[in-house]
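This report concerns only the one structure given below.
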Amino acid sequence: MNRIDATFAKVQSAGRTALIPYVTVGDPSLAAMPALLEAIAVAGADIIELGVPFSDPMADGPVIQRASERALLQQVALRDVLAVVHDFRMRDRTTPIVLMGYANPIEAMGEKVFADRAASAGVDGVLVVDYPPEEATDFAQLLHARGIAPIFLLSPTTPESRIAAVAALARGYVYYVSLKGVTGAGHLDTADVARRLADIRRHVRLPVGVGFGIRDATSARAIAAHADAIVIGSRIIEEIEQASPGEAAARAGHWLAGIRQALDSMERKRAA
Amino acid sequence: MRMADLPGAYDLPDERGHFGQYGGVFVAETLIRALDELKTQYARYRDDTDFRDEFEYELKHYVGRPSPVYHAKRWSQELGGAQIWLKREDLNHTGAHKINNCIGQALLACRLGKKRVIAETGAGQHGVAAATVAARFGMECVVYMGTEDVKRQAQNVFRMKLLGASVVPVTSGSKTLKDALNEAMRDWVTNVESTFYIIGSVAGPHPYPMMVRDFQSVIGRECLVQMPEAAGRQPDYVIACVGGGSNAMGIFFPYLMRDAVKLVGVEAAGEGIATGKHAASLTAGRPGVLHGNRTYLLQNDDGQILETHSVSAGLDYPGVGPEHAWLKDSGRAEYVTITDQEALAAFHDCCRIEGIIPALESAHALAHAMKLAPTLPRDAIMLVNLSGRGDKDMNTVAERAGLQFYCRPECDPSRR
């Protein structure tokens with residue numbers, strides 16, 4: 001069983017919601033990554049999403065755009081992202097790593113070369129924002145063949161007729177974009193998310209993660225009541241950008257631990 | 001490959017928007033439904049008589065079409081070779097070809113019941129055209145424009161504001177057209193239910209490259225009729241500048257199946273291809289994915305999109321419409337480059353010899369015609385798409401020329 005499936009099996013048998021933090025590789029710096037990843041793993045990340053910096057992050061709000069720009073100022077490239085994963089894997093054999101980014105850096109490396117290198121670095125899943133399933137059949141196949149999960153987005157505008165088609169290609173989990181907008185936006189409607197998750201679950205057996213717009217313990221708990229996993233990105237990056245480079249790991253870890261605690265207390269309540 | 005070698009008629013793109021390996025729909029999931037809806041509705045209205053009649057009515061009475069073809073006799077004579085004919089898109093309402101497409105998309109937006117339109121703009125011509133149709137059809141309009149372009153195209157910013165649009169300066173990335181497009185996409189993803197995104201070029205995800213081409217192909221269809229009437233036959237060459245490539249696709253498309261007509265797209269070589277300061281994606285780029293489609297892109301080895309340079313803001317874009325990528329690979333069209341300096345020289349010649357102030361974008365096509373004309377016999381015919389007028393470029397040209405304008409000898413007071 002791959003690490004993502006194993007993680008969800010463990011989390012679900014414990015009656016918990018998985019916590020998936022997102023950070024951009026190279027923000028605040030490449031040198032800071034080992035400590036940052038360790039800090040968020042210790043703080044309770046079940047899976048870690050790593051953003052691959054791109055010059056034109058069209059689906060991202062200003063916070064993740066800035067993270068991408070800071071990384072690109074240091075010339076952080078896809079091969080550096082893979083090196084960060086490789087390094088992390090030497091120390092952590094269990095926490096799944098999912099890469100999230102845009103198509104062009106992968107195409108520039110070559111899809112097959114990328115799939116090979118990602119597999120040997122220890123990547124568990126790949127989400128390419130601008131590869132909808134229609135354009136990603138071959139790519140998903142390359143990933144499958146190497147035991148990497150292709151992760152796809154579902155959105156509030158995805159018609160029910162399409163959900164099954166998306167799910168057919170997906171492995172690991174599906175990522176429900178909780179609002180119409182970019183990452184980090186602030187108009188999350190929990191009741192709407194709950195309704196949509198019910199629709200999705202009629203067609204999808206995989207765990208459903210929810211992201212875009214989760215900003216604090218309250219929104220995390222509200223979504224966690226319905227989702228198998230919650231994804232938090234922009235809010236952690238705000239912690240990182242407000243910290244001095246030396247303190248980024250500790251500050252991100254501290255903030256995430258607060259969310260973990262909020263989720264766990266809720267889950268204890270649910271169990272009791 | 002020649003079109004004659006293709007099986008059947010030219011029928012690209014395919015159902016999913018592919019021109020060979022190019023084009024497609026490379027967007028985040030949230031936009032898929034809107035694009036599917038647009039595809040379905042456009043397929044419905046494309047052949048709808050009422051829609052076509054209304055489009056043609058607006059083009060005639062509001063835009064001022066057909067735009068004439070004009071024989072640049074003095075210039076042709078001075079160059080001593082082929083005859084240069086100009087397709088006068090500069091005479092359109094708002095001063096460029098951009099309005100053709102905006103009318104088409106605005107009519108579609110009305111039928112889809114969208115009350116709000118957004119647009120990206122580089123030189124500001126598409127922004128002005130979008131703001132114009134928004135005023136004409138009573139829609140809210142937001143135009144995204146890089147802060148660099150806001151600075152160099154201040155007059156167009158003012159025009160858009162006069163027309164009631166709000167202009168949002170974009171400060172991310174290179175602060176030019178590509179970043180304006182990113183920001184417009186972000187707006188669209190957020191307001192997808194209420195908003196129609198009027199893309200200004202034959203770029204973006206399917207069906208935009210096809211749809212914009214169809215709306216712009218009025219340019220070439222008119223030429224097909226006008227050239228035999230005015231020049232006695234179809235041209236040997238059709239020449240147009242290529243940034244995103246909408247004016248070029250518009251004039252090329254009706255000529256694609258006519259193999260005898262050579263199609264030449266002119267990209268911006270900026271300060272020279274070797275300097276890296278240019279915007280020639282077909283000439284110096286590699287295929288990749290940006291802004292919803294696969295096409296030639298200016299990018300570094302890591303797949304990051306490069307900042308571009310051109311004296312003309314409208315050509316300052318690191319990608320190009322996917323159909324041009326296909327036409328290049330297939331050999332049906334040829335793509336060449338012209339530097340800032342060559343374009344400026346052509347700009348001044350066109351003002352001085354023909355009394356026409358061209359847009360700096362169009363001046364690239366004129367500059368290539370100037371190079372080519374002397375190498376061809378006098379009975380050869382070149383048709384150049386004069387895609388826009390140069391009023392918007394006064395500041396840029398004045399700065400470059402150090403305010404040293406040409407003075408006709410007989411007007412020079414010191415010579416009297």
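Give, as a single signed number, the net charge of other residues whose beta carbon lies under 15 Å from the beta carbon of B:A363, with Lys and Arg counted +1 and Asp and Glu -1.
Within the 15 Å Cβ shell, the charges total -4.
Using alpha-carbon pairs under 8 Å, 6+ residues apart, how would you state the relative contact order of the stretch B:318-383 in percent?
25
Need one value for B:182-193: mean number of C-beta atoms belonging to other chains within 10 Å of its residues' C-beta atoms.
For peptide B:182-193, the averaged partner shielding equals 5.
Between rounded, prolate and oblate, where does the stretch A:3-271 land on the alpha carbon gyration tensor, with a ≥ b ≥ c its root eigenvalues, rounded for a/c under 1.5, else prolate if a/b exceeds b/c?
Here the stretch A:3-271 falls in the rounded category.
So which lysines can B:K39 reach, going by Cα to Cα under 18 Å and dropping same-chain residues fewer than 8 places off?
Leaving aside lysines fewer than 8 places away in the same chain, those within reach of B:K39 are B:K114.
If packing is taken as the average number of other Cβ atoms within 10 Å across a peptide's residues, how do A:239-248, B:162-171 rank, most packed first?
Final packing ranking: B:162-171, A:239-248.
Enumerate the amide H contacts of B:E267 below 5 Å, restricted to partners 5 or more residues apart or on another chain; note that Pro and chain-start residues carry no placed amide H.
Correct list: B:V242, B:V336, B:T337, B:I338.
What ranking of B:F252, B:F137 emerges when the number of other C-beta atoms within 10 Å of each C-beta is taken as an exposure proxy, fewest first?
Neighbour counts put them in this order, fewest first: B:F137, B:F252.
Between B:E78 and B:S166, what is 0.36 nm times their sequence separation minus the Cα-Cα distance? Round to one decimal in nm.
27.1 nm
Just tell me which aspartates and glutamates come within less than 17 Å, Cα to Cα, of B:K115; anything on the same chain fewer than 8 places away is out.
Reachable aspartates and glutamates: B:E37, B:E140, B:D187, B:E193.
Specify whether the C-alpha gyration tensor of chain B places it in the rounded, prolate or oblate class, a ≥ b ≥ c being the square roots of the eigenvalues: rounded for a/c under 1.5, otherwise prolate if a/b is larger than b/c and oblate if not.
Note, shape of chain B comes out rounded.
Angle, helix B:218-231 long axis vs. longest principal axis of chain B, Cα atoms, 0 to 90°, nearest 10?
Once rounded, the angle reads 30 degrees.
Roughly what % of DSSP beta bridges within chain B run antiparallel, to the nearest 5?
Counting only bridges with both partners in chain B, antiparallel ones make up about 30 percent.
First select every other residue whose beta carbon is under 13 angstrom from the beta carbon of A:H203; then total the charges, Lys and Arg +1, Asp and Glu -1.
Its environment carries a net charge of +3.
When the chain is fully extended, how far beyond the present Cα-Cα distance does B:E271 get from B:E334, taking 0.36 nm per residue of separation?
Working it through step by step, the gained length comes to 20.6 nm.
Which FRET efficiency value, to the nearest 0.05, do you get for A:E134 and A:D189 by plugging their Cβ-Cβ distance into 1/(1 + (r/R0)^6) with R0 = 35 Å?
Using R0 = 35 Å, I get an efficiency of 0.80.
Counting only C-alpha contacts under 8 Å and six or more residues apart, can you give the relative contact order of chain B as a whole percent?
21
Among the listed pairs B:K87/B:K175; B:K73/B:K392; B:K60/B:K98, which are separated by more than 21 Å between their Cα atoms?
B:K87/B:K175; B:K73/B:K392
Find how much the distance from A:H86 to A:S29 grows on full extension, using 0.36 nm per residue of separation minus their present alpha carbon separation; answer in nm with one decimal.
Extending this stretch completely gives an extra 18.9 nm.
Would you calculate a helix-derived [θ] at 222 nm for chain B, using -39,500 (n - 2.57) for each DSSP H run of n ≥ 4 and dividing by the full residue count, to the nearest 500?
-11500 deg cm²/dmol
May I ask you to order B:142-151, A:130-139 by the average number of other C-beta atoms within 10 Å around their residues, highest value first?
B:142-151, A:130-139
Can you tell me, using C-alpha contacts under 8 Å and at least 6 residues apart, the relative contact order of the stretch A:3-271 as a whole percent?
23
Quickly work out the B:E15-to-B:V225 label distance, labels modelled 7 Å from Cα along the C-beta direction, and quote it in nm with one decimal.
3.5
Round to a whole angstrom and tell me the spacing of the C-alpha centers of the stretch A:1-42 and the stretch B:173-197.
31
Sorting B:H309, B:H364, B:H291 on the 10 Å Cβ count, fewest up front, what's the list?
Least crowded to most crowded, the residues run B:H309, B:H291, B:H364.
Quick check on the exposure proxy: order B:V157, B:V117 from fewest to most C-beta atoms within 10 angstrom.
Ordered from fewest to most neighbouring Cβ atoms within 10 Å, B:V157, B:V117 come out as B:V157, B:V117.
From other protein chains only, count the Cβ atoms within 10 Å of every residue's Cβ in A:178-188, then give the mean.
Partner Cβ neighbours, averaged per residue: 3.
Counting only other chains, what is the mean number of Cβ atoms within 10 angstrom of the Cβ of each residue in peptide A:59-71?
Partner-chain Cβ atoms within 10 Å, mean over residues of A:59-71: 2.
Using θ = phi - 60° and the Karplus curve 6.51 cos²θ - 1.76 cosθ + 1.60, what whole-Hz ³J(HN,Hα) does each residue of the stretch A:198-209 get, with Gly and Pro shown as x?
Working through the residues one at a time gives 5, 4, 4, 5, 5, 10, 10, 8, 5, x, 10, x Hz.
Give me the distance in nm between label points sitting 7 Å out from Cα along the Cα-to-Cβ direction at B:Q341 and A:A164, one decimal.
According to this spin-label approximation, the distance is 6.5 nm.
Net charge near B:H309, counting Lys/Arg +1 and Asp/Glu -1 over other residues with Cβ under 11 Å of its Cβ?
Residues close to B:H309 contribute a combined charge of -4.
With θ set to phi - 60°, apply the Karplus curve 6.51 cos²θ - 1.76 cosθ + 1.60 along the stretch A:120-126 and write out the HN-Hα couplings as whole Hz, x wherever there is a Gly or Pro.
With the stated coefficients, the stretch A:120-126 comes to 6, 6, x, 6, 9, x, 9 Hz.
Does the stretch B:1-145 classify as rounded, prolate or oblate by the C-alpha gyration tensor (a ≥ b ≥ c root eigenvalues; a/c under 1.5 gives rounded; else a/b over b/c gives prolate, otherwise oblate)?
oblate
Mind ranking B:176-189, B:314-327 by how tightly packed they are, going by the mean number of other C-beta atoms within 10 angstrom, highest first?
The packing order, highest mean first, is B:314-327, B:176-189.
Helix-derived [θ] at 222 nm for chain A: sum -39500 (n - 2.57) over DSSP H runs of at least 4, divide by residue count, nearest 500?
-15500 deg cm²/dmol
Which far-off residues, 5 or more places away or on another chain, put their amide H under 5 Å from the one on A:L154, with H placed in the peptide plane?
A:Y175, A:Y176, A:V177
No lab work stands behind these numbers, since they all come straight from the coordinates. Because the structure is predicted, anything quoted here is derived from the model rather than measured. All Cβ positions, glycine included, derive from the backbone under ideal geometry; neighbour counts span all protein chains shown.
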